[in-house]
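Asker: The structure under discussion is supplied below as structure tokens; questions concerning it will follow.
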Amino acid sequence: MEGTPFITVEGPIGVGKTSLAKAISNHFQLALLKEIVDENPFLGKFYENIEEWSFQTEMFFLCNRFKQLGDINKYYLNRDIPVVADYHIFKNLIFAQRTLSGAEYQKYYKIYQILTEDMPKPNVIVYLNASLDTLLKRIEMRGRDFEKKISPLYLEQLSIDYEHQISKFEKEHPEVTVLRFNGDEIDFVKNEEDLKFILEQLSPSLKKGVYNHESSK
């Protein structure tokens, strides 16, 4: 793997991206980048009326992630400090395509291309997915008020959209390692063996001996 290790964890709402990113960070001693969700002032309104508040919501996320990734590049990757993030910026297109009208999406996509053309790109994507039942249970367990308004239909379609996007990404970026895990079969939060399995799959993608947790003890 070339360049400073930059790992992103992706998958639909409720699949466990942040929990896994934290575990990877702790195990391999990587800097952790978490996306800002709760601070989006439009999110509650968005889930109540997607059509009315989608553009404001998506633009907030895009600008926020643009700033985060710029800082990560400047303060970490350019200094050869490896990073794991609980999102990949391509998720913006997944949500925008689902929620924006045709004209709005075209404007949004132009802005997205401008902002992301010089952004750091990950070496590895850890992709999680799960059935609708599993996603709904995990969303209920974490108890975010604004997520209680998410329609199961919307969540199910979002999961399908993620599958399409990650498959498209793999074809367009064969140089990036994509590790897929099924959240229905693996519960890395409650089962230590499941977490160990994921970390073992990820380990060969990191530089041998340099960022290995065992060698740093």
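The values are calculated or read from the model by the stated rules, or taken from the named source; none is laboratory data. Model, not experiment: these values are computed from the prediction. Every residue, glycine among them, receives a Cβ derived from its backbone with ideal geometry; neighbour counts consider all protein chains shown.
Asker: What are the pairs, 6+ residues apart or on separate chains, where a residue within the range 65-91 that is surrounded by fewer than 12 Cβ atoms within 10 Å (Cβ to Cβ) has its Cβ under 8 Å from a residue that is modelled with pLDDT under 95 and not small (Gly, Ala, Ser)?
Answerer: Close Cβ pairs (under 8 Å, with a partner that is modelled with pLDDT under 95 and not small (Gly, Ala, Ser)) amount to ASP80/THR4.
Asker: Also, quick follow-up: Does THR57 satisfy the criteria of being over 30 Å from ILE186 (Cβ atoms) and either touching a Phe, Trp or Tyr at 6+ places or on another chain (Cβ under 6 Å) or in contact (Cβ under 8 Å) with a residue 12 or more places away in the chain (or both)?
Answerer: yes
Asker: Show me the helices (runs of 4 or more DSSP H) entirely contained within the range 71-145 in which 1 or more residues are under 14 Å from THR8 (Cα atoms) and of a type outside the set (Val, Ile, Thr). So that I can check it myself, show each step before the final result.
Answerer: Working: elements: 91-99, 102-116, 132-142.
Result: 91-99.
Asker: Determine whether the range 41-64 contains at least one residue that is of a type in the set (S, T, N, Q), assigned to a helix (DSSP H, G or I), more than 17 Å from GLY14 (Cβ to Cβ) and out of contact with any helix residue (DSSP H, G or I) (no Cβ under 7 Å at 6 or more places or on another chain).
Answerer: First, the residues of the range 41-64 that are of a type in the set (S, T, N, Q): 49, 54, 56-57, 64.
So of that shortlist, the ones also assigned to a helix (DSSP H, G or I) come out as 54, 56-57, 64.
If we keep only those that are more than 17 Å from GLY14 (Cβ to Cβ) too, we end up with 54, 56-57, 64.
Then drop every residue that is not out of contact with any helix residue (DSSP H, G or I) (no Cβ under 7 Å at 6 or more places or on another chain), which leaves 56, 64.
Yes: the range 41-64 contains one or more residues that are of a type in the set (S, T, N, Q), assigned to a helix (DSSP H, G or I), more than 17 Å from GLY14 (Cβ to Cβ) and out of contact with any helix residue (DSSP H, G or I) (no Cβ under 7 Å at 6 or more places or on another chain).
Asker: If you check TYR108 against the conditions, is it crowded, with 18+ Cβ neighbours inside 10 Å, over 23 Å from LEU128 (Cβ atoms), hydroxyl-bearing (Ser, Thr, Tyr) and in contact with a helix residue (DSSP H, G or I) (Cβ under 6 Å, 6 or more places away or on another chain)? First the steps, then the outcome.
Answerer: On the way: crowded, with 18+ Cβ neighbours inside 10 Å: yes; over 23 Å from LEU128 (Cβ atoms): yes; hydroxyl-bearing (Ser, Thr, Tyr): yes; in contact with a helix residue (DSSP H, G or I) (Cβ under 6 Å, 6 or more places away or on another chain): yes.
Criteria met by TYR108.
Asker: Let me ask another. Does any residue of the range 115-126 turn out to be at pLDDT below 95, surrounded by fewer than 17 Cβ atoms within 10 Å (Cβ to Cβ) and not charged (D, E, K, R)?
Answerer: yes
Asker: For ALA130, all conditions in the list (1) touching a helix residue (DSSP H, G or I) at 6+ places or on another chain (Cβ under 7 Å); (2) of a type in the set (A, V, I, L, M, F, W, C); (3) surrounded by 18 or more Cβ atoms within 10 Å (Cβ to Cβ) hold save one; what is the number of the exception?
Answerer: Of the numbered conditions (1) touching a helix residue (DSSP H, G or I) at 6+ places or on another chain (Cβ under 7 Å); (2) of a type in the set (A, V, I, L, M, F, W, C); (3) surrounded by 18 or more Cβ atoms within 10 Å (Cβ to Cβ), the odd one out for ALA130 is (1).
Asker: Which residues, counting only those in the range 1-45, are touching a Phe, Trp or Tyr at 6+ places or on another chain (Cβ under 8 Å), touching a residue at least 40 places away in the same chain (Cβ under 8 Å), buried (at least 17 other Cβ atoms within 10 Å of the Cβ) and over 25 Å from SER203 (Cα atoms)?
Answerer: Once the filter is applied, which keeps residues that are touching a Phe, Trp or Tyr at 6+ places or on another chain (Cβ under 8 Å), touching a residue at least 40 places away in the same chain (Cβ under 8 Å), buried (at least 17 other Cβ atoms within 10 Å of the Cβ) and over 25 Å from SER203 (Cα atoms), the range 1-45 yields only LEU43.
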